[in-house]
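Student: My questions will all concern the structure given below.
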Amino acid sequence: MAVQDGPLISIITPTWRTDPAKLRRCLTSVVRQTYGDFEQWVASDGEYEDATWQIVQQFADRRIRYWTTKVHHGGFGAAVRQEVMCDAAVGDYLVFLDDDNIIFPRYLDTLLKALRGSPDARFAICEELHFGPLQGFHGSPPVILAGEPRLYYIDTLQVMVEAAVMREVGWVSNSYFADGETFSELARRYKYVNIPECLCAHL
């Protein structure tokens, strides 16, 4: 594990022409965390967005930082996460929080304690309240996703991962299914700890 030189956790939030109310809701869920040693990168995809910058500024929280990627990646945010986690994020642990989702107040604290309490684990997975869209076999949303690290059974939001191993694996694709594909590969290579507690919501 890298020696810490800055916030312990980096939260990466891709965004692109988002609904301002949703972004404010997302950022509010972050500043209400019971664990405070984090940075959050709100990353616009290839184009400076003044409205997004203004929202970040309104929070007046030095832990929340604004970033514009070098190019417009398009897709579903995985390439934005890849650029930010390699070029800007300094945390020993990474969390991927899309701009329309939220984390509950004990999210960071609980996942970090689980990881530190499981020396062989390199990432942790919590349960998530998911409002869809979902594959039909999950039933009608909202549903609780337990967080199995395989395609269709896990969402990006459910994971806290050591930065070093995430950079080693990288995002497997930039498709809508990048989360399932990527965390399946992480689980193939590394041990993880599952937390049977709902700590976030995909809205």
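The values are calculated or read from the model by the stated rules, or taken from the named source; none is laboratory data. Keep in mind the model is a prediction, meaning the values are calculated, not measured. Cβ: placed from backbone, ideal geometry, glycine included. Neighbour counts: every protein chain shown.
Student: Could you go through the stretch 110-118 and let me know if any residue there is in contact (Cβ under 8 Å) with a residue 12 or more places away in the chain and in contact with a helix residue (DSSP H, G or I) (Cβ under 7 Å, 6 or more places away or on another chain).
Tutor: Checking the stretch 110-118: not a single residue is in contact (Cβ under 8 Å) with a residue 12 or more places away in the chain and in contact with a helix residue (DSSP H, G or I) (Cβ under 7 Å, 6 or more places away or on another chain).
Student: Quick one: count up the residues across the stretch 127-141 that are assigned to a loop (DSSP other than H, G, I, E, B) and either in contact with a helix residue (DSSP H, G or I) (Cβ under 9 Å, 6 or more places away or on another chain) or loosely packed, with under 15 Cβ neighbours inside 10 Å (or both).
Tutor: Residues that pass the stated criteria total 7.
Student: Does P142 count as at pLDDT 95 or above, over 16 Å from the mean Cα position of the chain (by Cα) and not charged (D, E, K, R)?
Tutor: Yes: the conditions hold for P142.
Student: Might you check whether a residue that is of a type in the set (G, A, S), part of a strand (DSSP E or B) and either free of Cβ contacts under 8 Å to residues at least 60 places away in the same chain or over 18 Å from L97 (Cα atoms) (or both) occurs anywhere in the stretch 151-170?
Tutor: No - not one qualifying residue is present in the stretch 151-170.
Student: Would it be correct to say that R106 is more than 17 Å from T15 (Cβ to Cβ), of a type in the set (K, R) and touching a Phe, Trp or Tyr at 6+ places or on another chain (Cβ under 9 Å)?
Tutor: yes
Student: Hey, does the stretch 181-189 have a residue that's assigned to a strand (DSSP E or B), in contact (Cβ under 8 Å) with a residue 12 or more places away in the chain and closer than 24 Å to P119 by Cα?
Tutor: No, the stretch 181-189 has no match at all.
Student: Still on this structure, please answer the following. Taking into account only those residues within the stretch 1-59 that are among the small types (G, A, S) and at pLDDT 95 or above, which is nearest to F123 (Cα to Cα)?
Tutor: Applying the filter and picking the extreme gives S10.
Student: Among the candidates A79, A88, A124, single out the residue that is in contact (Cβ under 8 Å) with a residue 40 or more places away in the chain, under 22 Å from V165 (Cβ atoms), surrounded by 14 or more Cβ atoms within 10 Å (Cβ to Cβ) and touching a helix residue (DSSP H, G or I) at 6+ places or on another chain (Cβ under 6 Å).
Tutor: Result: A124 is the single residue among A79, A88, A124 that is in contact (Cβ under 8 Å) with a residue 40 or more places away in the chain, under 22 Å from V165 (Cβ atoms), surrounded by 14 or more Cβ atoms within 10 Å (Cβ to Cβ) and touching a helix residue (DSSP H, G or I) at 6+ places or on another chain (Cβ under 6 Å).
Student: Restricted to the stretch 91-113, and to residues that are part of a strand (DSSP E or B) and not aromatic (F, W, Y), which residue is surrounded by the most Cβ atoms within 10 Å (Cβ to Cβ)?
Tutor: The residue in question is V95.
Student: Would you say V71 is part of a loop (DSSP other than H, G, I, E, B), in contact with a strand residue (DSSP E or B) (Cβ under 9 Å, 6 or more places away or on another chain), of a type in the set (V, I, T) and surrounded by fewer than 22 Cβ atoms within 10 Å (Cβ to Cβ)?
Tutor: no
Okay, residues lined up against (1) of a type in the set (K, R); (2) in contact (Cβ under 8 Å) with a residue 12 or more places away in the chain; (3) out of contact with any Asp or Glu (no Cβ under 7 Å at 6 or more places or on another chain); (4) buried (at least 19 other Cβ atoms within 10 Å of the Cβ):
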{"site": "T18", "(1), (2), (3), (4)": "no, yes, no, yes"}
{"site": "L27", "(1), (2), (3), (4)": "no, yes, yes, yes"}
{"site": "R32", "(1), (2), (3), (4)": "yes, yes, yes, no"}
{"site": "S44", "(1), (2), (3), (4)": "no, yes, yes, yes"}
{"site": "Q57", "(1), (2), (3), (4)": "no, no, yes, no"}
